[in-house]
1. Quick one: which of 44, 29, 58 is within 15 Å of residue 12 (Cα to Cα), in a strand (DSSP E or B) and not aliphatic (A, V, I, L, M)?
2. Quick one: would you say residue 53 is aromatic (Phe, Trp, Tyr) and at pLDDT 95 or above?
3. Give region 40-64 a look and list any residue that's more than 18 Å from the chain's Cα centre (by Cα), of a type outside the set (Lys, Arg) and at negative phi, or say none.
4. Does any residue in region 46-67 that is under 16 Å from residue 26 (Cα atoms) come within less than 8 Å, Cβ to Cβ, of a residue that is part of a helix (DSSP H, G or I) six or more places away or on a different chain, and which pairs are these?
Amino acid sequence: MEEHKESGKAELYSRRVRAGKRTYFFDVKSTRSNDYYLTITESKRRYKDDGFFYEKHKIFLYKEDFNKFVEALGDTVNHVKEKLLPDVDFAEFDEKPVQADASGEDFDSELKWE
């Protein structure tokens, strides 16, 4: 795990979710006083004249809001699935195995998190 010495924040757990052209990072971090919080980061690769960069959007979620956040997210997703898109088979969007190239590297291996 990565230690952020300059800020005193330690990353305790991390999970990456690839979703099309976006990648989401779910990171559990701690403060100097051993309190815990979650960061949710959306990262999108964007192209510029001389190459590319990653556009990032981040949400900080604190322990006192975990249950409210999970409940609201679940309610919202269920509303879309049941009321707005009842005929969509959401299982077809489940993650499929990542394709590897001839070198054995997966397609998004150049994706780096700073």
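The values are calculated or read from the model by the stated rules, or taken from the named source; none is laboratory data. Keep in mind that this is a model prediction, so the values were computed, not measured. Note that we place each Cβ from the backbone using ideal geometry, even for glycine, and neighbour counts take in every protein chain shown.
1. 29
2. Considered against the rule, which asks whether it is aromatic (Phe, Trp, Tyr) and at pLDDT 95 or above, residue 53 comes out as no.
3. 47, 49, 50, 52, 64 - these are the residues of region 40-64 that are more than 18 Å from the chain's Cα centre (by Cα), of a type outside the set (Lys, Arg) and at negative phi.
4. From region 46-67, the pairs are 61/69.
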